[in-house]
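Here is the structure we will look at, set down as structure tokens.
The values are calculated or read from the model by the stated rules, or taken from the named source; none is laboratory data. These numbers were taken from a predicted model, which means no experiment stands behind them. Glycine gets a Cβ as well: all are built from the backbone with ideal geometry, and neighbour counts include every protein chain shown. The protein model used for the area step is the full one, side chains on, heavy atoms only, and it has no ligands, DNA or RNA in it. Shrake-Rupley method; radii C 1.70, N 1.55, O 1.52, S 1.80 Å.
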Amino acid sequence: MSLCFLRKGCLLSGRFSFKNIIHNSFLSNSRNAFGISGQNTWKAWYHFPTSSPKVLHKLKVLTRGSVTVVSPQPFTEISSKAQKVVGSWLMVCSGMVFGTVVLGGVTRLTKSGLSMIDWHPFKEFPPKTDKQWEEEFHKYQQYPEYKLMNHEMTLQEFKKIWYMEYVHRMSGRSIGAIFFLPAAYFWYKGYFSKAMKPRVVAFAGLLAFQGLLGWYMVKSGLEEKEGPDAVPRVSHYRLAAHLGTAFVFYSLLLWSGLSHLLPPQTTHVTAQVRKFRMMAHATKGVIFLAALSGALVAGLEAGLVYNSFPKFADRWIPSDILAYSPKLRNVTENPTTVQFNHRILGETVACLVLGLWIYSRKVPLPPRARMAMNYVLVVGALQVSLGIATLLFYVPKVLAASHQAGALTLLSTAIWLTHEMKLLRRLPK
């Protein structure tokens, strides 16, 4: 049974069903629930699929400000068991992506990412003998990182960074195994709905692209560079692309998992709720941009440029913010400017989250949406505190890794919040 709205002669239908629609204040004030009209009046209809031609049955006339949607049940061709199994699988995959992102941050902070100079999708195994370790170490010695930064490194020290990179790579491959094998089985068993199948294909493409992008990023750090700033490290552009793709992949998995396991609760549709939904999506977008700018900070090691807050040394705007020429280069290549932009985005996120929470106190949100909003506020405050502490203490590994994990946690809570408001996008404005 699908709900359809008729407004000014235009029929708008949704792909979800409703067990009930409650008309709060309008019915009590109307003499005829079917005859009243007005500028803000909605005509709600139920469509009952039958073997005969489709017939629309008038249900009620609802005012725009008093529609309450109850117990949305997505149309699906799969059983509830299949829906739960697929949802759990998606949540496991998203959790593994979360862990791999954090592990990747630790790999970068320990400068382990360039220790493995070969890449193969299936044939990477640790050396077993001392001779094999010596050969692996000899390969590493041919590249800039060893020559310029680690020329005094011992074999035992090399093993530590090699295993760190190896664990990170194996973590990525584990995601591939946990994703592709069950996906093939679920597809064969018919566990995916028609709408879910193209998403699974897109997820598979993103995952494969992410693996190739990871090696493309590492390869940039193995190349010889010239000039005074020829520090052996990966391209910060490729690092941002690698991290950004991981964040997108994680976000899509989490959203789809929530759709299977945690359908939104009853939502009272008002102008305030609609405005809150738009503000929540905008806040989520800025959170993503702030996280992406953090990848540029990490790639350029811009967190070590100015380690004071709120000022840059004794200035509100650093003097070298436009030191590079042409000026546009400063946005992505000047460490000072990159840190400045990341701070501004972080402060913007803090203001948006606080403003959204204050506004939410005036909005009739469902209980779970309000809980999600409170979590966004708490995690946002924690993330800002971690960012400031990381800066003031000269980017210690523990704080820096926690700050990166905090960015993904904050994005997760924002995704949860906007998912709780997703029904509103299906209703006419």
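Please find, among Gly244, Gly257, the residue that is in contact with a helix residue (DSSP H, G or I) (Cβ under 9 Å, 6 or more places away or on another chain), touching a residue at least 24 places away in the same chain (Cβ under 8 Å) and more than 28 Å from Pro366 (Cα to Cα).
On the way: Gly257 fails: more than 28 Å from Pro366 (Cα to Cα).
It is Gly244.
Looking at Trp162, is it open to solvent by less than 70 Å² (accessible area, probe 1.4 Å) and within 25 Å of the chain's Cα centre (by Cα)? Explain how you work it out, then say what you get.
On the way: open to solvent by less than 70 Å² (accessible area, probe 1.4 Å): yes; within 25 Å of the chain's Cα centre (by Cα): no.
So Trp162 fails the test.
Hand me the list of helices (runs of 4 or more DSSP H) wholly inside the stretch 71-152 holding 2 or more residues that are open to solvent by less than 20 Å² (accessible area, probe 1.4 Å) and within 30 Å of Thr267 (Cβ to Cβ).
Fully inside the stretch 71-152 and qualifying: 80-109.
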Going through (1) within 22 Å of Val101 (Cα to Cα); (2) open to solvent by 30 Å² or more (accessible area, probe 1.4 Å) one by one, Ala400 fails only at (2)
Extreme residue, nearest to the chain's Cα centre (by Cα), among residues of the stretch 222-261 that are more than 27 Å from Ser171 (Cα to Cα) and open to solvent by 30 Å² or more (accessible area, probe 1.4 Å):
Val231
Is it fair to say Phe158 is touching a residue at least 12 places away in the same chain (Cβ under 8 Å), farther than 26 Å from Leu207 by Cβ and in contact with a Phe, Trp or Tyr (Cβ under 7 Å, 6 or more places away or on another chain)?
yes
Looking at (1) among the hydroxyl-bearing types (Ser, Thr, Tyr); (2) touching a helix residue (DSSP H, G or I) at 6+ places or on another chain (Cβ under 9 Å); (3) closer than 30 Å to Val234 by Cα, find the lone condition where Ser325 falls short.
(2)
State which residue is nearest to Ala230 (Cα to Cα) when the search covers only the stretch 122-152 and only residues that are touching a helix residue (DSSP H, G or I) at 6+ places or on another chain (Cβ under 7 Å) and not acidic (Asp, Glu).
Tyr146
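When the residues of the stretch 103-137 are filtered to those that are among the basic types (Lys, Arg) and over 14 Å from Gly299 (Cα atoms), which remaining residue is modelled with the highest pLDDT?
Looking at the filtered set, the residue picked out is Lys131.
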With the checklist (1) under 15 Å from the mean Cα position of the chain (by Cα); (2) modelled with pLDDT under 95 in hand, flag the one item Thr413 doesn't pass.
(2)
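Determine whether the stretch 180-187 contains at least one residue that is of a type outside the set (Lys, Arg), part of a helix (DSSP H, G or I), open to solvent by 40 Å² or more (accessible area, probe 1.4 Å) and closer than 23 Å to His236 by Cα.
no
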For the stretch 188-198 the number of residues that are among the aliphatic types (A, V, I, L, M) and not in a loop (DSSP other than H, G, I, E, B) is 1
Assigned to a loop (DSSP other than H, G, I, E, B) and of a type in the set (A, V, I, L, M), is that true of Ala230?
yes
State the number of residues belonging to the stretch 151-193 that are β-branched (Val, Ile, Thr) and more than 16 Å from Gly257 (Cα to Cα).
3
Looking at the stretch 283-298, can you tell me whether even one residue there is within 29 Å of Glu420 (Cα to Cα), among the charged types (D, E, K, R) and at pLDDT 95 or above?
yes
Here is a check on your reading of the model: is Val305 in contact with a helix residue (DSSP H, G or I) (Cβ under 6 Å, 6 or more places away or on another chain), surrounded by fewer than 21 Cβ atoms within 10 Å (Cβ to Cβ) and within 18 Å of Ala240 (Cβ to Cβ)?
yes
Out of Lys225, Lys219, report the one residue that is at pLDDT below 95, basic (Lys, Arg) and in contact with a Pro (Cβ under 9 Å, 6 or more places away or on another chain).
Lys225
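Going through Leu392, Leu365, Leu354, Leu382 one at a time, which residue ends up being buried (at least 17 other Cβ atoms within 10 Å of the Cβ) and of a type in the set (A, V, I, L, M)?
When all the criteria are applied, what remains is Leu365.
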Evaluate the following for Ile321: is it open to solvent by less than 50 Å² (accessible area, probe 1.4 Å) and either in contact with a Phe, Trp or Tyr (Cβ under 7 Å, 6 or more places away or on another chain) or β-branched (Val, Ile, Thr) (or both)?
yes
Those residues of the stretch 263-277 which are open to solvent by 30 Å² or more (accessible area, probe 1.4 Å) and either closer than 19 Å to Leu410 by Cβ or in contact with a Phe, Trp or Tyr (Cβ under 6 Å, 6 or more places away or on another chain) (or both), in sequence order:
Arg277
